[in-house]
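Each reported figure results from applying straightforward, stated rules to the coordinates on display, with no laboratory input. Just so you know, these numbers come straight off a predicted model, no measurement behind them. Neighbour counts are summed over all protein chains in view; Cβ atoms, including those assigned to glycine, are modelled from backbone coordinates with ideal geometry.
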Amino acid sequence: MTTTDTTTKTAPVGETVLDARGVTMRFGGLTAVRDVNLTVNRGEIVGLIGPNGAGKTTFFNCLTGLYIPTEGEVRFKDKVLPPQSFKVTAAGIARTFQNIRLFANMTVLENVLVGRHTRTKEGFWSAILRGPGFHKAEAASRERAMELLEFVGLESKADHLARNLPYGEQRKLEIARALASEPDLLLLDEPTAGMNPQETRVTEELVFAIRDQGIAILVIEHDMRFIFNLCDRVAVLVQGEKLLEGDSATVQGDERVIAAYLGEPFEGAPGAEEVAEVEAAEAQAETTTDAAPGKENDR
Ligand SMILES: Nc1ncnc2c1ncn2[C@@H]1O[C@H](COP(=O)(O)OP(=O)(O)OP(=O)(O)O)[C@@H](O)[C@H]1O
């Protein structure tokens with residue numbers, strides 16, 4: 001990929017593409033995401049960080065139609081998000097997954113072509129009859145797919161089976177496939193997981209290059225160096241709630257973020273009130289039991 005010279009650390013920020021308002025997601029008694037607001041603008045890279053189990057992936061799933069939020073709404077380009085994944089993709093949101101989801105026995109090129117299906121206008125009968133319209137559309141799709149493979153640096157592997165690619169390249173292929181749907185918003189779920197520092201650096205440049213094309217990006221990542229280098233804004237989720245949001249320097253220097261990662265309690269921590277209540281109730285119950293008549297005889 002030849003993006004190093006052309007990418008910039010910042011780009012002009014455009015209109016709001018994603019506007020999540022008061023998003024809450026409950027699974028039975030568990031609130032995985034609570035009242036989260038987040039916007040992402042065109043030309044922006046926004047990071048979503050938080051300790052394991054903080055609700056990051058659940059929030060992503062609420063943005064892609066995989067989950068319908070229990071409360072709140074997600075607006076994309078000023079419209080409420082449709083409740084099905086394929087409609088969300090057609091509307092212009094694409095994503096990659098924490099656990100790579102490629103078609104392992106298809107070629108690299110075929111994987112990208114699959115990603116284009118929401119953008120091909122040729123219908124069912126055209127595909128069956130394979131008329132001139134179909135062949136023209138197919139040629140255009142292949143051309144675009146090859147461009148995308150070149151963009152991510154995989155053009156020489158177009159005919160390889162996806163399963164034979166090294167791990168880092170499989171992640172790049174997932175990104176190429178996501179880009180094939182020509183999204184306005186790209187959601188990346190741990191794009192550098194399992195990568196060595198060199199591959200991570202290349203991915204960083206790739207994400208800048210995608211942003212430079214005017215695509216808004218929201219990225220979940222545990223690699224803090226990657227996040228703080230990359231993002232214009234970072235939102236921190238802790239126990240399903242947004243603890244804070246700010247530029248990299250602000251978030252990096254916030255003691256509450258460090259405490260949340262280390263699992264240390266801090267004033268005003270999400271869920272702290274509930275924990276204190278439970279602890280107080282437990283302490284009260286213990287005192288009552290200890291004071292109960294005949295207790296000594298049990299020991
Ligand atoms: N489908 C589900 N049903 C029930 N509970 C769920 C479901 N999905 C997630 N959870 C729970 O919601 C909470 C948030 O999980 P989530 O995977 O969103 O966190 P995360 O921040 O992405 O974590 P990680 O960084 O480990 O991937 C966890 O307690 C998890 O067990």
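Relative contact order (percent) for segment 23-72, with alpha-carbon contacts under 8 angstrom and 6 or more residues of separation?
Over segment 23-72, the number comes to 47 percent.
Go through segment 212-223 residue by residue and turn each phi into a ³J(HN,Hα) via Karplus (6.51, -1.76, 1.60, θ = phi - 60°); whole Hz please, and just put x for glycine and proline.
Each residue of segment 212-223 in turn: 5, 7, x, 8, 7, 10, 10, 10, 9, 7, 8, 7 Hz.
Can you list the HN-Hα couplings for segment 140-149, worked out from phi with the Karplus curve (6.51, -1.76, 1.60; θ = phi - 60°), rounded to whole Hz and with x for Gly and Pro?
So the J values, rounded to whole Hz, are 5, 5, 4, 4, 5, 4, 5, 4, 5, 5.
Sticking to Cα atoms, compute the Rg of segment 130-185 to one decimal and its Dmax as the biggest Cα-Cα distance, whole number, in Å.
12.6, 39
Which far-off residues, 5 or more places away or on another chain, put their amide H under 5 Å from the one on Arg95, with H placed in the peptide plane?
Sorted by chain and number, the residues that satisfy this are Leu187.
Search the structure for amide H atoms under 5 Å from the amide H of Leu237, placed 1.01 Å from N in the peptide plane, and list their residues when 5 or more places away or on another chain.
The list, which skips near neighbours in sequence, is Ile49, Gly50, Leu243.
With θ set to phi - 60°, apply the Karplus curve 6.51 cos²θ - 1.76 cosθ + 1.60 along segment 159-170 and write out the HN-Hα couplings as whole Hz, x wherever there is a Gly or Pro.
After applying 6.51 cos²θ - 1.76 cosθ + 1.60, I find 8, 6, 6, 4, 5, 8, 6, x, 3, x, 6, 5 Hz.
Fewest Cβ neighbours within 10 Å first, please rank His160, His135 accordingly.
Least to most surrounded, the residues fall as His135, His160.
Using amide H atoms built 1.01 Å from N in the peptide plane, name the residues 5+ places from Gly153, or on other chains, whose amide H lies under 5 Å from its own.
Close amide H contacts, sequence-distant or interchain: none at all.
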